[in-house]
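For reference, the structure is listed below as structure tokens.
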Amino acid sequence: MVLWLWYFGGYSFLGWIAERIFAAATHSLTQRRRCLLLLPFCPVYGLGMMAVLALPASWRQGPWLILSGAIATTIVEYFYHWVCELWFGVWFWASSGVIGNLGGRVSLPFTLAWGILSALAIWMFQPIFQRLAERTPPVAALVFLLVFTADAVCSARYLTVTHNLEAMRYALG
């Protein structure tokens, strides 16, 4: 179970990095915050990769990994968006203007990207995360869980009250 916690944290952090790179590459002036209030984590990436890692081993090999990774992460992305809209009244991203979108929550181009990113993550990062997770003392997982949970609760409360991602983005200056 501790390994899965580290995988979730590692992929959530990589997702935060990917979001920063995407914002810089697209010269986004209104890059919407998709992560927590304080910590540099995008939980949707962690949850997406948890879904990929939970797939049967035969689905995580060769070209099947790209296809199954695309499907698994898109399902997670859709439901994450839906839950955030339902509970917090916010849209972390809007795919309504993108070709092949489903309710503005997911789109075909990003589904294809998630398939490729899932494969790269499994091939490049999973062995590193596994080695790091196996060597990290269990007490560190407890500390991470407590800090992450506190930030997630504060973020959820902030969004529940304000329904304002832009204000959350600038809340800390």
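Worth a mention:
- Filter result for the condition that a residue is assigned to a helix (DSSP H, G or I), farther than 21 Å from LEU55 by Cβ and at pLDDT 90 or above, over PHE129, PHE144, PHE125, PHE110: PHE144
- Checking each residue in region 41-77 for being surrounded by fewer than 22 Cβ atoms within 10 Å (Cβ to Cβ) and either among the acidic types (Asp, Glu) or assigned to a loop (DSSP other than H, G, I, E, B) (or both) picks out ALA54, LEU55, PRO56, GLN61.
- Scanning region 78-106 for residues that are over 20 Å from HIS163 (Cβ atoms) and modelled with pLDDT of 95 or more yields one hit, TYR78.
- Residue check: TRP91 meets all listed conditions (1) in contact with a helix residue (DSSP H, G or I) (Cβ under 7 Å, 6 or more places away or on another chain); (2) assigned to a helix (DSSP H, G or I); (3) open to solvent by 70 Å² or more (accessible area, probe 1.4 Å) but one, namely (2).
- Summed over region 106-128, the residues that are under 15 Å from PHE13 (Cα atoms) and surrounded by 20 or more Cβ atoms within 10 Å (Cβ to Cβ) give a count of 3.
- Among the residues here, GLY97 qualifies as of a type outside the set (S, T, N, Q), without any contact (Cβ under 8 Å) to a residue 12 or more places away in the chain and assigned to a loop (DSSP other than H, G, I, E, B).
- Filter pass, THR149 being in contact with a Ser or Thr (Cβ under 7 Å, 6 or more places away or on another chain) and at pLDDT 90 or above: no
- Single unsatisfied condition, LEU38 versus (1) closer than 24 Å to ALA140 by Cβ; (2) part of a helix (DSSP H, G or I); (3) open to solvent by 40 Å² or more (accessible area, probe 1.4 Å): (2)
The values are calculated or read from the model by the stated rules, or taken from the named source; none is laboratory data. Predicted model only: the values in this text are computed from it and were never measured. Glycine also receives a Cβ, built like all others from the backbone with ideal geometry; neighbour counts cover every protein chain displayed. Please note that ligands, DNA and RNA were not included when accessible areas were found on the heavy atoms of the full protein model with its side chains. Shrake-Rupley method; radii C 1.70, N 1.55, O 1.52, S 1.80 Å.
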